[in-house]
1. Tell me the net charge near ARG100. Cut-off is 12 Å between Cβ atoms, ARG100 excluded, with +1 for each Lys or Arg and -1 for each Asp or Glu.
2. Could you tell me how many degrees, from 0 to 90 and to the nearest 10, lie between the Cα long axis of helix 220-231 and the main elongation axis, the longest principal axis, of the Cα atoms of the chain?
3. Under a no-solvent Debye model with one identical scatterer per Cα of the range 137-190, what's log10 I(q)/I(0) at q = 0.12, 0.18 Å⁻¹?
4. Cα gyration tensor of the range 105-206, axes a ≥ b ≥ c as square roots of the eigenvalues: rounded (a/c below 1.5), prolate (a/b > b/c) or oblate?
5. Given a 10 angstrom Cα cut-off, can you work out which residue in ASP124, ASP77, ASP186 is the most mobile in a GNM of the chain?
6. Given a Förster radius of 25 Å and the C-beta distance between ASN51 and SER104 as r, what FRET efficiency does 1/(1 + (r/R0)^6) yield to the nearest 0.05?
7. Any lysines with Cα under 18 Å of the LYS143 Cα? List them, leaving off those in the same chain fewer than 8 positions away.
8. State the percent of C-alpha pairs, over all pairs in the chain, separated by a distance greater than 22 angstrom.
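Every number in this text was worked out from the coordinates using simple rules, so none of it is lab data. Model, not experiment: these values are computed from the prediction. Glycine gets a Cβ as well: all are built from the backbone with ideal geometry, and neighbour counts include every protein chain shown.
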Amino acid sequence: MRGVLAIALLLTACVSPSRTETPQITDVTVFAGSSLTDAFARAGDDFTKTNTRVRFIFNFGSSSTLATQITNGAPADVFASADEANMQKVLDAGLAKSPRTFASNELQIAVPTGNPKRIAGLADLARPDIVLVLAAPTVPAGKYALEALAKAGVTARPVSQEVDVRAVLNKVSLGEADAGIVYVTDVRSAAARVAGVAIPDQQQVVARYPIAVVKGAKDPQLAGQFIDYLTSPEGQKILAGFGFSRP
């Protein structure tokens, strides 16, 4: 009788409900230009509200550095570039295809709050009393800055060439520079620490941002869904809130 009871208890244990399994979390690694830092952090948070099995890992930096990392084998699922040239490097390496342009941006002169040097435009950046910083010419923001200066017929001599546009912004916000050429979105992100001086349309350079799923992505479908989200009305609304324009 005891043996029968033991067997019954064992069978009951075998058929008892198992604990609810925790949904498997999928990491999506996004390599993105540094100017996208704030917007992508918000977009990622919003995306995960309805896609709870996703965890984003963001790697922000200059698009040129990120493209080099990807072509050298760095594991990325999504690449968002601040220019088309660096996306093309990844495409030429056969590591992505069919990029989609999801946003655009414009340049602005960042100055310390109050604009103590009274900088009114690009021409003032050539003044000998102005400490100017730019992004390196290999970086999209640096390349665009040089194009804008050329359009204005201005020869400026930066005291440093930074690794990305956020480094330029930091120099200005910390008072280590009188001016820097950054994106409109960067000035907005640091509105409490810097002010922006507009660049007229005839001297302006528009940055266009392509994005693509990287070959070998852990979950290409999920990576593609994030891109779909960025191009959707909801995603575009978030980007607009950070100062980006439509493609």
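1. Values: positive: LYS97, ARG208; negative: GLU84, ASP228.
Charge balance in the 12 Å sphere: 0.
2. 50
3. Taken in order of the listed q values, log10 I(q)/I(0) reads -0.25, -0.57.
4. On the way: a/c = 1.23, a/b = 1.15, b/c = 1.08.
Rounded.
5. Maximum fluctuation in the GNM of the chain, among the listed residues, is at ASP124.
6. On the way: r = 26 Å, r/R0 = 1.04.
Between ASN51 and SER104 the formula returns 0.45.
7. Hits, sequence-local ones excluded: LYS89, LYS151.
8. Values: 17448 of 30381 pairs.
Beyond 22 Å sits 57 percent of the P(r) for the chain.
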